Amino acid sequence: MSAHDSDRRNTLAKLVTAGIGLIGATLAGLVGAAATPRVTARAPRWRKAASMFDLPQDTPFAAVLADRQADGWYETRKETVVYLEKVGDDYRALSATCTHLGCRVSWNAETKHFHCPCHGGVYDRDGRVISGPPPAPLTRVNVRLNAQTSDLEVEL
Amino acid sequence: MKGLWAGLVDWLDNRTGFRKLRHHALEEPLPAGTGWWFTLGSVLLFGLSVQALTGIGLALFYAPTPDHAWDSVRYITTGVRGGAFLRGLHHWGASVVVVAAVVHLVRVVFFGSYRKPREVNWIVGILLLQVILAFGLTGYLLPWDQRAYWATVVAINISKLTPGLGELLASLLRGGSEIGALTLTRWYAIHVMVLPLALVSLVVAHLYLMRRHGISGPVRPQSGPSQMFFPHQAARDLTMAALVGVLLAVLAWKGAPPLEAPADPTSSNYIPRPEWYFLGLFQLLKYFPGRWEVIGALVIPGVAMGLLVLLPWLDRGRSREARQRMAVLVPFTFGLAILATLTVLGARDSAPASAARWNIQEIGGAAMIATSERCTRCHRADGLAAAIEPGHISKPADWVAMHVADPEVIAAGVRDAPQGSATAQAETKAMIAAVSRLRSGAPPAQDAATTHIYREFARYCFSCHVVDGAGGKDGPELTHAGLKLSTETIELRIIDPKMVKPDSDMPAFGGKMATEDIRAIAQWLASRK
């Protein structure tokens, strides 16, 4: 085999390898593009969480906000829990989602703390971390009183 | 006839060369002294085969959508012939595979089998362990019960901690903006397509490399003739696989795999715990507060796996004898002991019980559901609708609320509409509250008299009075009513409040409630001090 033939052979080998690589990369790109979700963030809006008359004294009230939401071909209910409480003349709303790894915290009437059932995070009434692994206080949610309807509205 | 058969086999061999392949696969000479310790890989392969076959059986019935996943798994357990056993085999098989993989790995470490020239096969083995754990994690989500949902919430949030790539990784795992239908289809595809493909490729590579270098054999080479894999070692493998198979069958037969209440993102009384083989990691997460959480979630597990991968290069002495390799075996054993301790601590941990306590309205509502003709007319063993079983309610909360409040919508002409009175409204509210608790289990056991009091209290009193932190606030709180009021005073107040307090807004219940119920509630309240 001449040097010329050998060169041709090497070039062809490289072309074939590159061709196979190109086909593989195209297929992987197609699947990758399909697999990368298209997430469109919805702008927060004011929504009714509870009537101001629903709020008990001396204990945060867990309001469940339901939202119809597209989930692929599916329309599901997205349910968010917010703890509402009257503080002086004002109202406070805390997200019930633990800032550690996203479990649902609940109010413990005996200890007067929020407890996370997953990894033992504990927050005080104002949402500040008392013990356990949470890296941040419970997220504050904007809340307002609609004077006409007496509804408490939160911005979610 | 025999001649015809032999001729057919000869023809097939001529065309395919299968005899040579069979010879190559089975007639492997093994070092003298190869014994029971070298059956662990085969036990693992047996476990993986069980998973593949039972997985196919389950896939015949499973539907990966939020509306149907839970119901289809329940159907497998209750409606498919041998379905509960099939699911039991797959469930316990996952544990068998994890245990077999870890024991196999420990054997390889203690025998120094990863030494040169078997480094690459060691790494392939570590990759196989990751694939097995990924199977466990993705398999969890599929029943779409409470454990599935919350384990996935935590797993996806852990992936967010990955430096730089966290959000991308989390969104790839989630599929949509929230955990839901797109997450379920995605994890199902990973569980039944991506991971099996990875597993088969890695197992083939593992076996090829094992044959390429031969098995490592006993730590101290023994003299004597080498044995063929088939049938000597194969008989040991088969014996071990049969023993493990019997154990697995007993587990699947006796211990029904759990199917918890359907996934409920708003649930605040569910206490999520992972499958036992992730309890060590679960426990580790608790020790790293605040911004250090990435250390427990990713750094420590990552470093541990990294050290395992590097073992062949960290342990380069001449001898495979354990006594000569203490520098490696002591830290390795120490690491195993830490993992075991964390797992035990994780298993012992239970969240505060009071968070999960039922209130009076919920207990009363559950009693109404169990006894009210309105419900039991259809919801009974041979009724028009399924009996209401705690932990087995898959209808969403808004459907239940609609069903309880408005019979025309779901059961037109079959049920009575609740009367428009305040009492009927209170009953409806109590039933809805009870259903949301019944999703995750039965109400606490208590005597019939107390349950009766709770039911009547939920019906007539709860919407205006708080007891133990729950109730309406139009009237005074009654948690410690007995401190101020006697049975007689309370009884009078219930019968006709204006007789005791002329300006009272409270309606009179004399004539509405049975006299003995009023008496019982008064006694119960007076005993609360």
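With a 10 Å cut-off around each Cβ of A:129-135, the average count of Cβ atoms from other chains is 4. Distance between the C-alpha centres of the stretch A:19-86 and the stretch A:111-156: 19 Å, rounded to the whole angstrom.
Here the protein assembly as shown was treated as a single set of alpha-carbon atoms; its pair distances binned every 10 Å from 0 give 3, 11, 19, 21, 17, 12, 8, 5, 3, 1, 0, 0, 0 percent. In order along the stretch B:281-287, phi translates into HN-Hα couplings of 5, 4, 5, 4, 4, 6, 8 Hz, rounded to whole numbers, per the Karplus curve 6.51 cos²θ - 1.76 cosθ + 1.60 with θ = phi - 60° and x for Gly and Pro. In the distance distribution for chain B, Cα-Cα pairs more than 42 Å apart total 40 percent. With R₀ set to 25 Å, the beta-carbon distance separating B:I300 from B:W276 gives a calculated FRET efficiency near 0.85. Projecting the Cα atoms of B:P64, B:V80, B:V106 onto the dipole axis of chain B, where Lys and Arg carry +1 and Asp and Glu carry -1 at the beta carbon, places B:V106 farthest toward the positive end.
Beyond 19 Å, the tail of the calculated P(r) for the stretch B:87-179 holds 56 percent of the Cα pairs. Compared with the dominant principal axis of the Cα atoms in chain A, helix A:3-35 is inclined by about 20°. Screening chain B for DSSP H helices whose Cα atoms reach 15 Å or more along their own axis and whose mean Kyte hydropathy is at least 0.0 gives B:40-59, B:83-110, B:119-141, B:146-159, B:195-213, B:234-254, B:300-314, B:326-348, B:360-371, B:422-438, B:515-526.
Under a 5 Å amide H cut-off, with hydrogens placed 1.01 Å from N, A:A50 pairs with A:L152 among residues at least 5 apart or on other chains. When each of the peptides B:302-312, B:375-385, B:460-470, B:13-23 is scored by the mean number of other C-beta atoms lying within 10 Å of its residues, the order from highest to lowest reads B:460-470, B:302-312, B:375-385, B:13-23. Straight-line cross-link reach from B:K501 at under 18 Å between alpha-carbon atoms covers these aspartates and glutamates, not counting any fewer than eight positions away in the same chain: B:D474, B:E477, B:E488, B:E491. Look at the stretch A:73-82: the mean tally of other chain Cβ atoms within 10 Å of its residues' Cβ atoms is 5. Rounded to the nearest 20 debye, the dipole size of chain B about its Cα centre is 2420 debye, using +1 on the Cβ of Lys and Arg and -1 on the Cβ of Asp and Glu.
FRET efficiency for B:H68 and B:T162, Cβ-Cβ distance as r, R0 = 25 Å, nearest 0.05?
Given R0 = 25 Å and the Cβ-Cβ separation, E is 0.20.
Within straight-line reach of B:K429, meaning a Cα separation under 28 Å, sit the following lysines at least 8 residues removed in sequence or on another chain: A:K48, A:K78, A:K86, A:K112, B:K395, B:K473, B:K498, B:K512, B:K529.
What are the aspartates and glutamates whose alpha-carbon lies under 19 Å from the alpha-carbon of B:K116, with same-chain residues fewer than 8 places away excluded? Within the straight-line cut-off, B:K116 pairs with B:D315, B:E321. The convex hull built on the alpha-carbon positions of the stretch A:46-155 has an orientation-averaged projected area of 7.8 nm².
Calculated FRET efficiency, B:L314 to B:D505, Cβ-Cβ distance, R0 = 56 Å: about 0.10 to the nearest 0.05. Shielding value for B:172-180 is 6, the average number of Cβ atoms from other chains within 10 Å of each residue's Cβ.
Readers should treat all values here as calculations from the given coordinates under stated rules, not as data from a laboratory. Everything numeric here is computed off the predicted structure, so don't read it as measured data. So basically every Cβ, Gly included, is an ideal-geometry build from the backbone, and we count neighbours across all protein chains shown.
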